[in-house]
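Please read the structure below before turning to the comments.
The values are calculated or read from the model by the stated rules, or taken from the named source; none is laboratory data. Please read all numbers here as calculations on a predicted model, not as lab measurements. Backbone-built Cβ (ideal geometry, glycine too); neighbour counts: all protein chains shown. Surface accessibility is based on the protein's heavy atoms, side chains included, excluding ligands, DNA and RNA. Shrake-Rupley method; radii C 1.70, N 1.55, O 1.52, S 1.80 Å.
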Amino acid sequence: MKRILTIHTGGTISMKEDKQTGSVAPGEKNPLDQWHEEAKQVADITVVPFFHLPSPHITPENMFELSSFINEKIAENLYDGIVVTHGTDTLEETAYFLDLLHHSPIPVILTGAMRSSNELGADGPYNFLAAIRTASSEQAREKGVLVVMNDEVHSAVNVTKTHSSNVATFQSPQFGPIGLVTRRGILFHHTPSAREQFSISSLTKKVFLLKAYAGMERETIELFESASPSGLVIEAFGQGNVPPAIVPAVEALIARNIPVVLVSRCYSGIVQATYEYEGGGMQLKKKGVIFSNGLNGQKARLKLMIALEAGITGIDLTNTFESWPS
Ligand code: ASP
């Protein structure tokens, strides 16, 4: 039997619905406890209740704490795989954060639930057991951090929450899942291309994320300046364009050596310097704005925090975001 370290961090998968009010909240006991015996039919599991947090409460500092714990446990050489249960709201962020700091072939699988433990059609127990099975699969090795939900396996870099309540919420726009969970086994049909890894020993950088909108005002960016950011990510329009009013403020940040990274606010596709008008991508590129290669805003923010913490600056920082991992 494979030895699987199971780390619970909270989320709907660990919550119950109050049948009187319909509200969903964490309780004293984790309802997943009752599924540990079932999981032991599949793998030799060791359970660690690490956090008991709804995922909107999870911070990058929590992610770093979790990553450090996972890396310590991997170094003990006692486990073949790791499962992390997590709230779905920020699950993709924790998955990607862990992936950027995960250097081992051991699979790390994140899962969660859209319906709490006592709701009709609760998906938590099923997803939990699917994650244990995936973490036990030989084929899951060397693929980094994966997300298993609703019978699909997704890579941390591409997966995102796409629906507020549907159990099929986790999707990888443009790229699709990399595997299927079936009754018989875990079928991988794609291999992720080379992943990116960093090593950091602390997390001190402050990076903000801002979404572009029609008629965006210059003050939106100027407000950030007073908070002394280490970097800014902007979810720009389409291929990487912003309203002209914010361009002087973007230039001012870059002049102060504060990197500005662009992603697209579109659901699919990547930013690429194309348009030669005020606020157009070609002009922004010439001014030193960094174009990211397909990450969504929340993931680009975490990557910028980690890359800056790792001491990556200047052209190396640009290459980290603009090159395609191969
Ligand atoms: N709000 C919940 C959380 O992220 C949603 C979930 O877990 O599905 O903790």
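Within region 224-256, count every residue that is part of a loop (DSSP other than H, G, I, E, B) and either in contact with a helix residue (DSSP H, G or I) (Cβ under 7 Å, 6 or more places away or on another chain) or touching a residue at least 40 places away in the same chain (Cβ under 8 Å) (or both). Result for region 224-256: 4. When region 1-23 is filtered for residues that are within 12 Å of A113 (Cβ to Cβ) and open to solvent by 40 Å² or more (accessible area, probe 1.4 Å), the ones remaining, listed by number, are K16, E17. Residues of region 71-96 that are surrounded by fewer than 23 Cβ atoms within 10 Å (Cβ to Cβ), within 13 Å of V108 (Cα to Cα) and out of contact with any Lys or Arg (no Cβ under 7 Å at 6 or more places or on another chain): N71, K73, I74.
For (1) out of contact with any strand residue (DSSP E or B) (no Cβ under 8 Å at 6 or more places or on another chain); (2) outside the structural domain of V84 (by TED's automatic domain parsing), each residue gets a yes or a no:
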| position | (1), (2) |
| --- | --- |
| H103 | yes, no |
| G121 | yes, no |
| F128 | no, no |
| E142 | yes, no |
| V153 | no, no |
| A156 | no, no |
| H163 | yes, no |
| F198 | yes, yes |
| S201 | yes, yes |
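One residue alone among A245, A236 is surrounded by fewer than 17 Cβ atoms within 10 Å (Cβ to Cβ) and of a type in the set (A, V, I, L, M, F, W, C), and that residue is A245. Restricting attention to region 24-49, the residues that are open to solvent by 60 Å² or more (accessible area, probe 1.4 Å) and either assigned to a loop (DSSP other than H, G, I, E, B) or under 16 Å from L129 (Cβ atoms) (or both) total 10. Cβ contacts < 8 Å: first residue buried (at least 20 other Cβ atoms within 10 Å of the Cβ), restricted to region 119-146; second residue of a type in the set (K, R), any location; separation 6+ or different chain. Result? Filtered contacts from region 119-146: A122/R115; D123/R115; G124/R115; A135/K2; S136/K2; G144/R195. A residue that is in contact with a strand residue (DSSP E or B) (Cβ under 8 Å, 6 or more places away or on another chain) and in contact (Cβ under 8 Å) with a residue 40 or more places away in the chain can be found somewhere in region 263-274.
Residue selection: V181 fails the criterion of being in contact (Cβ under 8 Å) with a residue 40 or more places away in the chain, in contact with a Gly (Cβ under 8 Å, 6 or more places away or on another chain), aliphatic (A, V, I, L, M) and surrounded by 13 or more Cβ atoms within 10 Å (Cβ to Cβ). Of everything in region 270-326 that is touching a Pro at 6+ places or on another chain (Cβ under 7 Å) and closer than 22 Å to A214 by Cβ, the residue that is surrounded by the fewest Cβ atoms within 10 Å (Cβ to Cβ) is E278. Selection of first residues in region 86-107 that are of a type in the set (F, W, Y) and of second residues that are open to solvent by less than 10 Å² (accessible area, probe 1.4 Å) and within 16 Å of the ligand (Cβ to nearest atom), restricted to Cβ pairs under 9 Å at least 6 apart or on distinct chains, gives the following pairs, ordered by first then second residue: Y96/V159; F97/M63; F97/L66. Taken over region 4-60, residues that are among the small types (G, A, S) and away from the ligand (no atom under 16 Å from the Cβ) amount to 2.
All of D89, D123, D99 fail the test of being of a type in the set (D, E) and under 21 Å from A39 (Cα atoms), apart from D123. Restricted to region 50-69, and to residues there that are surrounded by fewer than 18 Cβ atoms within 10 Å (Cβ to Cβ) and in contact (Cβ under 8 Å) with a residue 60 or more places away in the chain, the residue that is nearest to G87 (Cα to Cα) is E61. Would you be able to say whether some residue in region 91-99 is under 13 Å from the mean Cα position of the chain (by Cα), among the charged types (D, E, K, R), in the same structural domain as N158 (by TED's automatic domain parsing) and within 16 Å of the ligand (Cβ to nearest atom)? Yes: region 91-99 contains one or more residues that are under 13 Å from the mean Cα position of the chain (by Cα), among the charged types (D, E, K, R), in the same structural domain as N158 (by TED's automatic domain parsing) and within 16 Å of the ligand (Cβ to nearest atom). Is it the case, given these coordinates, that R115 is within 16 Å of the ligand (Cβ to nearest atom), surrounded by fewer than 22 Cβ atoms within 10 Å (Cβ to Cβ) and under 20 Å from V181 (Cα atoms)? For R115, the condition - within 16 Å of the ligand (Cβ to nearest atom), surrounded by fewer than 22 Cβ atoms within 10 Å (Cβ to Cβ) and under 20 Å from V181 (Cα atoms) - is met.
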